[in-house]
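Engineer: Here's a structure for you.
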Amino acid sequence: MPTIVHLVIISFLMAGGQRLQRLNKSCILLIAIAGIERFAFKGVSSNLVIYLTDVVNLSNSSAAKMVNSWVGFTSIMPLLVAPIADTYWHKYSTIMASSFLYFMGLVALTSTTLARSWYHRNRTMSSSFLSLSLYLISLGQGGYNPSLQAFGADQFDDDEELPCSKDDRTAKSRTLFFQWWYFGICGGSLMGVTIMSYIQDTLGWVIGFAIPAISMLLSILIFSCGSPIYVYKHLDDHQAKMQFTNILQAIKSSALKCFHCGITLPNDKSEVSELELQEKPLCPEKLESLKDMNNKDPKSGMYVPSNAKVVLRLLPIWTMLLMFAVIFQQPATFFTKQGMTMKRNIGDFKIPPATLQSAITLSIILLMPLYDKCFIPIAQLITRQDKGISVTQRMGIGMVLSVIAMVIAALVEMRRLEIGRASRNSGSKSEIVPLSIFWLLPQYILLGISDIFTVVGMQEFFYGEVPKTMRTMGIALYTSVFGVGSFVSALLITIVEVYTSSKGIPSWFCDDMNEARLDNYYWLLTWLSVVSLLLYALLCKYYHNKSGSDNEN
C-alpha cells in the first residue's frame, strides 16, 4: 500500500507540473505536518466504531452516537478556541500547546486500551478513561487544526495575497494553497485508514493506537525543527482584542434586545459606520464617526460591530451545509458496520471494512488534478468566467454529488437486505451476506468526488469571507460545520430510534444488521439533503461574496 500511495503522489506532482514551486518551503513543510496529523487522527477515528462494538460491547446505535458525538465535539472545538487564539495567543504558541494536549490524549487512549486488555473486570473505569482520552484529543485538535492551517496561509510573502486580493492571479494562488493543503491531509488520511485499520484488526488495538501517538510526537518534533524558516505575522493585538470584544458585545446587545430593553437600530444607513473588511484606511470624512462608534456603549442604538455582522451573514450558508456533514458521518459508522456483514475475502486475505474509507481519499488524490486540467477549462467555456465557477457553485456541485451517493447507498442496502433474507430462507445460518463488500465502493467514490468540490470550496469560502484578524475563526467556521453536523447526525439517530421503537417494530439500527433498516435511514438523509440543497441554492442567489463587493466598490 505505501508503494501505491507513493505512485499516486508522484502522479499528482506530475499533473501539477511546476505549480508546487509557487509554494515556499515553510508552506510545504506545514502541509506535510498536516498530513501526519491526519494519519494519527484517521488511525483512531476510522475504525473506532468497530472497537466500541467488538471490544467495549456497545450496541450499534450507541457506538454510532458516541463516534458522532466525539467527532462533533472535535470539529466544533476550533469554533470555541479560535476567537481566543486570534485574540490572546499567537498561532505558533497555540500550535505547540495544542499539539502537546493532542499527543497526551493519544497516549491516554493507548494506556486505556492496554489497561482494558490487562484488567477485564474493571470495565466501567476503563470506559470512563476512554471517554476522557478521546475528549482530550478533541481539546488538543481544537486549537491545533485551524491554527496550523492559518499559520500555513501566513507563509505567503505578500500580506494581502491571502485572502483578499482583487486580481485573478492571487486568487488562483489562494486556491492552489488550499488544494495542496487538502491533498496533504488526504494523503495522511489514506495512510491512516488503510494501514491502521489492518494493524488494529490483525495485530491488536494497543499497537493500533500507539502508532498514531508516535506519529503525533514526530509531527511536533518536525514542526519545532522548522521554526527558523517560518514567516511570523503578528497583527495588532489591540485591534484583535477589540474585534473579539465587539463580537461579545454584539451578542450581549442582541440578548438585551430580546428582553425588551428598548435597543433599536437606526433605519438611516448614514447613521451607521461600518468597518471595511479589507482593512484599508477609512476615508477622512468617516474617521470621526468610526471613533464615535468604537466609543459607543453597546446599549445604544448606534453600536453595530462589523465583525459580528461578518459571522452572522455567513450563518445561513453555514447552516445549509450541515446535511452535507451529516452524510459524511456515515462511512465511519454505518457504512463500516454494513461491510462487516458482507463477503470481504480476497483469497485468504480478509479486507477490514474500515479500509474502504480509503476509497474516499484515494479518489480525491487521483481526481484532484482533473479538476484543474479538465473541469475548470470546460467550465470556463460554459460560464466565461476566469475561475470557471464560483466558490458557492463549487460547494453546491459537491452537495448534489453527496445526495446521489446516498441514493446509491440506499439502493445497495436494499439489495443487501434482499439477498440476506433469501440466504436465510434457504437455510443458511451465517450472518455474512453473500454479497461482495465492493458493492459499497460507488458510494465511497462519489463522496470522495463531492469532497473535492464542497470541502475545498468551504475552506476557501470561510477563509476568504472574514477579515485578516479573524482568519483562524474562518477556518474554525469551516471545521465547525462537520462538528455540528456530527451532533445533528447523533440527534437524528436518537429520534429515529425512539420513533421506530415506539411502533413496536425493530429499530432501524438493530444490532442484527439483517434486521436493521439502514436503507430507510439513508432515504431519510437523502430527502433532508435535497431540501437543504434547495435552500442553499436560494440563499446563494442573494448572497454577494466579499471579493465581489470589493470589485463593486
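Every number in this text was worked out from the coordinates using simple rules, so none of it is lab data. A quick note: this is a predicted structure, and the numbers were derived from the prediction, not measured. For neighbour counting, all protein chains shown are included, and Cβ atoms are generated from backbone atoms with ideal geometry for every residue, glycine included.
Engineer: So which of 309/468; 373/541; 309/387 end up more than 18 Å apart, counting from Cα to Cα?
Structural biologist: As for pairs spanning more than 18 Å Cα to Cα, those are 373/541; 309/387.
Engineer: Classify the stretch 27-76 from the C-alpha gyration tensor, please: rounded if a/c falls under 1.5, else prolate or oblate depending on whether a/b exceeds b/c.
Structural biologist: Oblate is the answer for the stretch 27-76, as a/c is 1.5 or above yet b/c matches or exceeds a/b.
Engineer: While we're on this one: Which of the trypsin sites (Lys or Arg not before Pro) found in the stretch 446-547 are loop residues per DSSP with 15 or fewer other Cβ atoms within 10 Å of their Cβ?
Structural biologist: Hits after loop and neighbour filter: 503.
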